[in-house]
Amino acid sequence: FRSLSPTGTTMEYFEADIRSGGKSSYKMGNDHFTMYGSAAYIKVERPHLLVYTQQFNDKDGKISRHPMVPTWPETMLTHVVFTSINESTTLVSVTWEATAQYTPEELDVFISMRSNMTMGWTGSFDKLEAYLHGC
């Protein structure tokens, strides 16, 4: 299972059952931090759609908060849509939002970190592009 963690980080999956009803758990970090997380897959429609919730966990797998941003929402909802443009080009659209229960402060923090999230996702997609060009 190839990890496409954001630039400057590595990711290790403990479990990766990517199907509707499946779940994943992982560890991500670098020399400065380590964070744990999990995903619960709501809908997987190959080859064009992933919908899942994501939460941060402690090292024992219990739900926790973002290790560096304690006012981060507990649960995020992610939609990843793959749209074929032509035989060699696919448009990938990601929507990431706070979901379930969150406070106005948590939502404000989530929104204020949008540029950081964009950098993280962009780093992951840069790794994917490099991998695909090497195939």
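Scanning the stretch 6-19 for residues that are touching a strand residue (DSSP E or B) at 6+ places or on another chain (Cβ under 8 Å) and hydroxyl-bearing (Ser, Thr, Tyr) turns up 9, 10, 13.
Inspect the stretch 1-14 for any residue being over 18 Å from residue 124 (Cβ atoms) and not in a strand (DSSP E or B) and give the result as yes or no. No, every residue in the stretch 1-14 fails to be over 18 Å from residue 124 (Cβ atoms) and not in a strand (DSSP E or B).
Look at (1) among the charged types (D, E, K, R); (2) surrounded by 10 or more Cβ atoms within 10 Å (Cβ to Cβ); (3) farther than 18 Å from residue 37 by Cβ and you find that residue 74 fails only one, number (3). Would you pick out the residues in the stretch 83-121 that are assigned to a loop (DSSP other than H, G, I, E, B), open to solvent by 80 Å² or more (accessible area, probe 1.4 Å) and of a type outside the set (S, T, N, Q)? Of everything in the stretch 83-121, those that are assigned to a loop (DSSP other than H, G, I, E, B), open to solvent by 80 Å² or more (accessible area, probe 1.4 Å) and of a type outside the set (S, T, N, Q) turn out to be 87, 102. Check whether at least one residue in the stretch 74-90 is touching a His at 6+ places or on another chain (Cβ under 8 Å), more than 18 Å from residue 127 (Cβ to Cβ) and among the hydrophobic types (A, V, I, L, M, F, W, C), and report yes or no. Taking every residue of the stretch 74-90 in turn, at least one turns out to be touching a His at 6+ places or on another chain (Cβ under 8 Å), more than 18 Å from residue 127 (Cβ to Cβ) and among the hydrophobic types (A, V, I, L, M, F, W, C). Within the stretch 60-70, the residues that satisfy the criterion of being open to solvent by 40 Å² or more (accessible area, probe 1.4 Å) and either in contact (Cβ under 8 Å) with a residue 24 or more places away in the chain or in a strand (DSSP E or B) (or both) are 61, 63, 67, 68.
A quick yes/no check of all residues on (1) within 23 Å of residue 119 (Cα to Cα); (2) touching a strand residue (DSSP E or B) at 6+ places or on another chain (Cβ under 6 Å); (3) at pLDDT below 95:
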| residue | (1), (2), (3) |
| --- | --- |
| 4 | yes, no, yes |
| 21 | no, no, no |
| 38 | yes, yes, no |
| 43 | no, yes, no |
| 69 | yes, no, yes |
| 77 | yes, yes, no |
| 83 | yes, yes, no |
| 87 | no, no, yes |
| 90 | yes, yes, yes |
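Please enumerate the residues belonging to the stretch 28-41 that are open to solvent by 40 Å² or more (accessible area, probe 1.4 Å) and touching a residue at least 24 places away in the same chain (Cβ under 8 Å). Listed by number, the residues that qualify are 33, 34, 36.
The values are calculated or read from the model by the stated rules, or taken from the named source; none is laboratory data. Bear in mind the structure is a predicted one, so any value in this text is a computation, not a measurement. Here the Cβ is made from the backbone with ideal geometry for all residues, glycine too, and neighbour counts use every protein chain on show. Quick note on the areas: whole protein, heavy atoms, side chains included, nothing else; ligands and nucleic acids left out. Shrake-Rupley method; radii C 1.70, N 1.55, O 1.52, S 1.80 Å.
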